[in-house]
1. Using beta carbons and a limit of 8 Å, which pairs, at least six apart or on different chains, have the first residue in the range 199-216 and open to solvent by 60 Å² or more (accessible area, probe 1.4 Å) and the second one of a type in the set (D, E, K, R)?
2. Quick check: is even one residue across the range 202-225 among the hydrophobic types (A, V, I, L, M, F, W, C), modelled with pLDDT of 90 or more and not in a strand (DSSP E or B)?
3. Which of the residues that make up the range 369-416 are assigned to a loop (DSSP other than H, G, I, E, B), in contact (Cβ under 8 Å) with a residue 60 or more places away in the chain and open to solvent by 40 Å² or more (accessible area, probe 1.4 Å)?
4. Restricting to the range 134-160, give me the number of residues that are outside any strand (DSSP E or B) and either basic (Lys, Arg) or out of contact with any Lys or Arg (no Cβ under 8 Å at 6 or more places or on another chain) (or both).
5. Determine which single condition residue 164 fails, assuming it passes every other condition in (1) on the phi > 0 side of the Ramachandran plot; (2) touching a residue at least 60 places away in the same chain (Cβ under 8 Å).
6. Before we move on, is residue 70 under 22 Å from residue 293 (Cβ atoms), open to solvent by 80 Å² or more (accessible area, probe 1.4 Å), of a type outside the set (Asp, Glu) and in contact (Cβ under 8 Å) with a residue 60 or more places away in the chain?
7. Inspect the range 356-368 for any residue being touching a residue at least 40 places away in the same chain (Cβ under 8 Å), open to solvent by 40 Å² or more (accessible area, probe 1.4 Å) and either small (Gly, Ala, Ser) or on the phi < 0 side of the Ramachandran plot (or both) and give the result as yes or no.
8. Could you list, ordered by first residue, the pairs with Cβ atoms under 9 Å in which the first is in the range 244-257 and of a type in the set (Val, Ile, Thr) and the second is assigned to a strand (DSSP E or B) and open to solvent by 100 Å² or more (accessible area, probe 1.4 Å), at least 6 apart or interchain?
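The values are calculated or read from the model by the stated rules, or taken from the named source; none is laboratory data. The structure displayed is predicted, hence computed values, not measured ones. Cβ placement follows ideal geometry from the backbone for every residue including glycine, while neighbour counts extend to all protein chains displayed. To get the accessible areas, we keep the full protein, side chains included, count just its heavy atoms, and leave off ligands, DNA and RNA. Shrake-Rupley method; radii C 1.70, N 1.55, O 1.52, S 1.80 Å.
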Amino acid sequence: MIVLYYRIEFHADLNPIDYRVLCLVMRLTKPTLFTNMPVTCEDRDLPGDLFVRLMKDDPSTVKGAETLILGEMLTLPQNFGNIFLGETFSSYINVHNDSNQVVKDILVKADLQTSSQRLNLSASNSAVSELKPECCIDDVIHHEVKEIGTHILVCAVSYTTQTGEKLYFRKFFKFQVLKPLDVKTKFYNAEVSLTDEVFLEAQIQNITTSPMFMEKVSLEPSMMYNVTELNNVSAGSESESTFGRMSYLQPLDTRQYLYCLKPKPEFAEKAGVIKGVTVIGKLDIVWKTNLGERGRLQTSQLQRMAPGYGDVRLSLELIPDTVSLEEPFDITCKITNCSERTMDLVLEMCNTRSVHWCGVSGRQLGKLSPSASLSIPLKLLSSVQGLQSISGLRLTDTFLKRTYEYDDIAQVCVVCPYTSPES
């Protein structure tokens with residue numbers, strides 16, 4: 001680590017000839033690459049090759065590439081700099097005895113005050129027995145910043161003089177913690193999915209002024225779901241990120257990450273478990289900035305409103321993608337009782353203009369207990385080519401005389417098997 005020359009000096013209000021103790025606070029941060037502004041001209045211009053010779057003699061330029069803005073030297077920041085949420089704030093505290101007398105029982109305490117809490121950052125809370133003239137006490141504190149807004153570093157020093165007088169002073173060091181990323185999430189429900197899949201789209205924007213290397217962006221699912229990342233492309237036996245090998249996020253750029261969540265079997269089988277507001281999980285984001293400074297953010301638990309299916313849910317367990325014109329094909333429907341009462345169901349099949357059901361309409365399905373499911377194989381055919389929607393199923397609960405209509409359940413592609421590819 002390189003010490004940043006941003007110095008804040010605290011001292012007690014004492015007479016110079018009396019005991020005098022200084023407390024120095026410096027932020028520890030890494031340097032930056034030196035940048036210069038190359039000035040060039042053509043050979044026929046008045047300066048000739050003067051600018052080229054000056055850049056070659058400049059020790060800060062890269063030899064053989066003098067016109068590059070970045071140089072080979074490192075520079076120390078000339079100001080406090082920015083502290084972002086998720087980074088580690090490091091500071092060096094030095095207490096120096098500036099008098100010609102020995103002081104005793106020196107206690108140095110460093111607290112960090114945020115908008116919601118006060119944290120003790122001191123490595124040791126025990127007092128130093130004595131501090132001789134021109135000697136010092138050093139301490140380095142670290143804190144992973146987890147809140148945005150105003151932070152106040154409170155440095156307090158207490159000690160005892162040789163005459164037994166107890167002295168104490170305290171000063172405050174205020175700084176702001178900024179937000180490095182803007183994270184937005186969207187949920188998409190796969191209505192026709194056989195496993196109640198949920199897709200999560202996470203939009204991450206770099207709102208700092210410097211590029212970031214995105215080391216990791218992962219989703220930690222809740223106990224109800226299994227997650228699959230959809231941000232890689234399989235190339236043979238290897239998997240490559242859709243963002244390339246060098247995963248850099250430039251300032252104000254936005255990147256989209258996609259995840260697929262499936263309920264675990266023990267939860268998917270229970271119709272009443274995944275209802276209302278459910279916890280999906282949380283995003284874990286790790287990045288690096290200039291010279292490898294690391295930052296990490298974890299979002300709060302992401303929640304979604306599960307779609308409402310009413311008293312009875314009808315989903316498809318089996319359906320072909322492509323079928324032949326005027327040829328019967330099979331589908332399998334799954335009926336789930338999402339209510340808290342037993343139902344006695346009757347299935348009716350109504351033909352549409354393009355889709356015709358094969359079988360007996362109005363058949364009894366029997367009683368269905370709460371949270372129970374029933375799989376029913378059905379047969380139908382299409383009389384029209386193209387992408388056709390499957391509709392016309394009706395379920396009637398004979399107990400309450402209530403009918404549930406299901407249209408646009410799914411879509412199939414109907415092709416004519418007799419049409420030759422050439423025609």
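1. Correct list of pairs: 207/179; 207/182; 213/288; 215/288; 215/294; 216/284.
2. Within the range 202-225 (the criterion being among the hydrophobic types (A, V, I, L, M, F, W, C), modelled with pLDDT of 90 or more and not in a strand (DSSP E or B)), the answer is yes, since at least one residue qualifies.
3. 370, 371, 385
4. The total comes to 5.
5. So the condition that residue 164 fails would be (2).
6. The answer is no for residue 70.
7. Within the range 356-368, the subset touching a residue at least 40 places away in the same chain (Cβ under 8 Å) is none.
No, the range 356-368 contains no residue that is touching a residue at least 40 places away in the same chain (Cβ under 8 Å), open to solvent by 40 Å² or more (accessible area, probe 1.4 Å) and either small (Gly, Ala, Ser) or on the phi < 0 side of the Ramachandran plot (or both).
8. Every condition considered, the pairs that remain are 254/184.
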